[in-house]
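> One structure, as structure tokens, below. Some questions next.
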Amino acid sequence: MLIILSDLFFMYQRPHLQQIIDRLSEPRRFIQVVAGPRQVGKTTLFSQLAALKRWPYHYISADTALGDGVAWLRQQWEVARLAIAGEGVKEFVLIIDEVQKLEHWSEVVKALWDEDSFHNRNIKVVLLGSSRLLLKRGLKESMAGRFEMIYMGHWSFNEMHAAFGWSPEQYVWFGGYPASAELIENETRWKSYVRDSLIETSISKDILMLTRVDKPALMKQLFELGSLYSGQILSFTKIIGQLQDAGNATTLSNYLELLNTAGLLTGLQKYSDNMIRKRSSIPKFQVYNTALISALRRETFEEVRSNHVEWGRMVESAIGAHLLNYSVIDNYHLEYWREGNDEVDFVIRDQQVVGIEVRTATSKATKGMDSFIKKFQPGKILLVGDSGLGWKDFLKMNPGKLMDK
């Protein structure tokens, strides 16, 4: 039987599925909040959950809500209450997608959840959202002590390989968007899909529709420039001249933070033991998914692979994206370090400090790691590339394990 890639996408089970099954199997205790960027499989996760037929449920997306959503939210909750009041229904799961789009959602959810707790209604609630900023803001304002967070990040190499049989080279170029996997044989079509259905939708729906942005065109320019310069240290002052109607560095910094909360692009801070210096440091741009770079480039996969310098930059961005996505899951800090001509590509810190240097065939050897060791005495150092731990092997590992002593 022929199985197309979209079917493989549905059949492949991310580890989050078992995590949500385990939590829903427990006595009603917390609201489960599943957050993550667009197109990483949040809705598919609950389609797979529904296929198991273990719980009666009601799934609804806030995209269909009218008005401010308060009445709509209460109506959807009433569906669950009527079901739990029926004969033979001991527990019920209410799943609300894109909840952050509703005004005052956290206050309404809190009130309804507390009412159910008071009346011993066994309604288990799952909230899904693609904007970490708005979800966390609402959760902190009203939901303290009532929720647990599950983060679904971009797909790792191991997942894309298991689901679609991708090679490490394909992953470096095409990134970790599973819905686009069946398009990679037609790269022009693939790039159009990523730009129009992923990038444009993420910026428009997850940022511009939900947050005040005075210069949306500037934010899009910043995203494009930052993605193409992923892996490079570039001051806002330097890039202002390349942007139209650029405003000031503070505006760009705020926009970059919004892009970060949408799981698109971030600016890594310089590692320092001085918090003031760290906050005022020049950012190192880093995408969350290398597909965001490739979709904006004119060159093809084969053209970049044959250019050792450009391919080396793509590999470094893939290493950075791998570290960045796991930093959200494992709660470690990802930074970089540079003083003068000395540089360490990535620094992760939590229980200890780990310096990571990425060196491909075209990379210039520096004394950056030697200087970093003398200044900070890191717990571990790691060379990723042709003469150390292979970059392909690094993409297969959980970098959070580097924190283990």
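> Multiply the residue gap between ARG212 and ASP196 by 0.36 nm, knock off their C-alpha separation, and tell me the result in nm, one decimal place.
On the way: separation 16, 0.36 × 16 = 5.76 nm, distance 2.18 nm.
Roughly 3.6 nm would be gained on extension.
> Using alpha carbons only, how many degrees (0 to 90, rounded to 10) separate the axis of helix 132-142 from the longest principal axis of the chain?
Roughly 50 degrees between the two axes.
> At what distance in nm do the modelled label points of HIS104 and SER167 sit from each other, each positioned 7 Å from its Cα along Cα→Cβ?
Each label point lies 7 Å from its Cα, and together they span 5.7 nm.
> What does DSSP give for the stretch 330-405 in terms of the percent of beta bridges that are antiparallel, rounded to the nearest 5? Let's see the in-between values first.
Values: 10 of 17 bridges.
Of the beta bridges lying entirely in the stretch 330-405, close to 60 percent run antiparallel.
> Something else about it: Does the stretch 34-127 classify as rounded, prolate or oblate by the C-alpha gyration tensor (a ≥ b ≥ c root eigenvalues; a/c under 1.5 gives rounded; else a/b over b/c gives prolate, otherwise oblate)? Before the final figure, lay out the partial values.
Working: a/c = 1.93, a/b = 1.10, b/c = 1.75.
Oblate is the answer for the stretch 34-127, as a/c is 1.5 or above yet b/c matches or exceeds a/b.
> A further question on this structure: Figure the gain on full extension for ASP404 and GLU115 (residue separation times 0.36 nm, minus the Cα-Cα span) and round it to one decimal in nm.
On the way: separation 289, 0.36 × 289 = 104.04 nm, distance 4.32 nm.
Using 0.36 nm per residue and subtracting the Cα-Cα distance, I get 99.7 nm.
> Below 11 angstrom from the Cβ of THR201, what's the summed charge of the other residues (Lys, Arg +1; Asp, Glu -1)? Spell out each step's value before the answer.
On the way: positive: ARG38, ARG195, LYS205; negative: ASP196, GLU200, ASP206.
Surrounding charge for THR201 is 0.
> Given Cβ point charges of +1 (Lys, Arg) and -1 (Asp, Glu) and nothing else, what value in debye, to the nearest 20, does the dipole of the stretch 5-151 about its Cα centre take?
Working: 20 positive and 17 negative charges, 79 e Å.
Using Cβ point charges on Lys, Arg, Asp and Glu, the stretch 5-151 gives about 380 debye.
> Using alpha-carbon pairs under 8 Å, 6+ residues apart, how would you state the relative contact order of the stretch 154-283 in percent? Walk me through the intermediate numbers first.
Details: 86 pairs, mean separation 22.4, N = 130.
Computed value for the stretch 154-283: 17 percent relative contact order.
> For the stretch 180-194, take each phi angle, set θ = phi - 60°, evaluate the Karplus expression 6.51 cos²θ - 1.76 cosθ + 1.60, and give the result in whole Hz per residue in order, putting x for glycine and proline.
8, 4, 6, 9, 5, 5, 10, 5, 4, 5, 4, 4, 5, 4, 5
> Could you please rank ASP206, ASP345, placing first whichever residue has the fewest other Cβ atoms within 10 Å of its Cβ?
The fewest-first ordering by Cβ neighbours comes to ASP345, ASP206.
> Still on this model: Taking the Cα centre of the chain as the origin and placing charges on Cβ (Lys, Arg +1; Asp, Glu -1), which of LEU334, MET314, ALA85 is farthest toward the positive end of the dipole?
LEU334
> Along the charge dipole of the chain, pointing to its positive end and built from +1/-1 on Cβ of Lys, Arg, Asp and Glu, which listed residue (LEU49, GLY145, ILE207) has its Cα farthest out?
Among LEU49, GLY145, ILE207, the one farthest towards the positive end of the dipole of the chain is GLY145.
> On a 29 Å Cα-Cα criterion, which of the cross-link pairs LYS140/LYS396; LYS220/LYS401; LYS90/LYS401; LYS270/LYS396; LYS42/LYS124 come out too long?
Values: LYS140/LYS396 35 Å; LYS220/LYS401 35 Å; LYS90/LYS401 41 Å; LYS270/LYS396 26 Å; LYS42/LYS124 18 Å.
Beyond 29 Å: LYS140/LYS396; LYS220/LYS401; LYS90/LYS401.
> Further question on the same structure: Suppose a student asked you for the relative contact order of the stretch 5-151, using Cα pairs under 8 Å spaced at least 6 residues apart; what percent would you report? It would help to have the intermediate numbers written out before the result.
Numbers: 196 pairs, mean separation 51.2, N = 147.
Averaging sequence separation for qualifying contacts and normalising by length gives 35 percent for the stretch 5-151.
> From the alpha carbon gyration tensor of the chain, can you work out the equivalent ellipsoid semi-axes (sqrt of 5 times each eigenvalue) and give them in Å, largest to smallest?
Numbers: eigenvalues 294, 111, 96 Å².
Ellipsoid semi-axes (Å, largest first): 38, 24, 22.
> Further question: Output the relative contact order of the chain, whole-number percent, from Cα pairs under 8 angstrom with separation of 6+ residues.
On the way: 613 pairs, mean separation 56.3, N = 405.
Worked out over the chain, it gives 14 percent.
> Subtracting the Cα-Cα distance from 0.36 nm times the residue separation, let me have the gained length for ARG74 to ILE373 in nm, one decimal. Present the calculation step by step, with values, prior to reporting the outcome.
Details: separation 299, 0.36 × 299 = 107.64 nm, distance 5.73 nm.
Extending this stretch completely gives an extra 101.9 nm.
> Whole Å is fine, so just give me how far the alpha carbon centre of the stretch 25-102 lies from that of the stretch 148-211.
25
> Nearest 5 percent is fine: what portion of the DSSP beta bridges confined to the stretch 157-403 is antiparallel?
65
> Still on this model: What nm distance separates the two modelled labels at VAL89 and GLU141, each placed 7 Å from Cα along Cα→Cβ?
Going by the 7 Å Cα→Cβ label model, 3.0 nm.
> Let me know the charge dipole size of the chain about its Cα centre in debye, to the nearest 20, where only the beta-carbon of Lys, Arg (+1) and Asp, Glu (-1) is charged. If you can, show how the numbers build up before the last one.
Details: 49 positive and 47 negative charges, 163 e Å.
It comes to approximately 780 debye.
> At a 10 Å Cβ-Cβ cut-off, how would you order ARG189, ARG212, fewest neighbours first? The partial results should precede the final answer.
Working: ARG189 12, ARG212 5.
Taking fewest neighbouring Cβ atoms as first place, the list is ARG212, ARG189.
> Counting only helical runs of four or more DSSP H residues, what would the 222 nm mean residue ellipticity of the chain come to if each run contributes -39,500 (n - 2.57) and the total is spread over all its residues?
Numbers: 19 runs with 179 residues, N = 405.
Helix-only estimate at 222 nm: -12500 deg cm²/dmol.
> If you line up the long axis of helix 249-261 against the longest principal axis of the chain, both from Cα atoms, how many degrees apart are they, to the nearest 10?
50
> Which FRET efficiency, nearest 0.05, do SER47 and LEU234 yield, Cβ-Cβ r, R0 45 Å?
Values: r = 41 Å, r/R0 = 0.91.
That gives a FRET efficiency of 0.65.
> Using a 10 Å cut-off on Cβ atoms, rank the peptides 145-152, 324-331 from the highest mean neighbour count down. The partial results should precede the final answer.
On the way: 145-152: 15.9, 324-331: 18.4.
Packing order, densest peptide first, comes out as 324-331, 145-152.
Only the coordinates and a few stated rules stand behind these numbers; no lab work does. Not measured: the values here are computed from a predicted model. Heads up, the Cβs are rebuilt from the backbone with ideal geometry, glycines too, and the neighbour counts pull from every protein chain shown.
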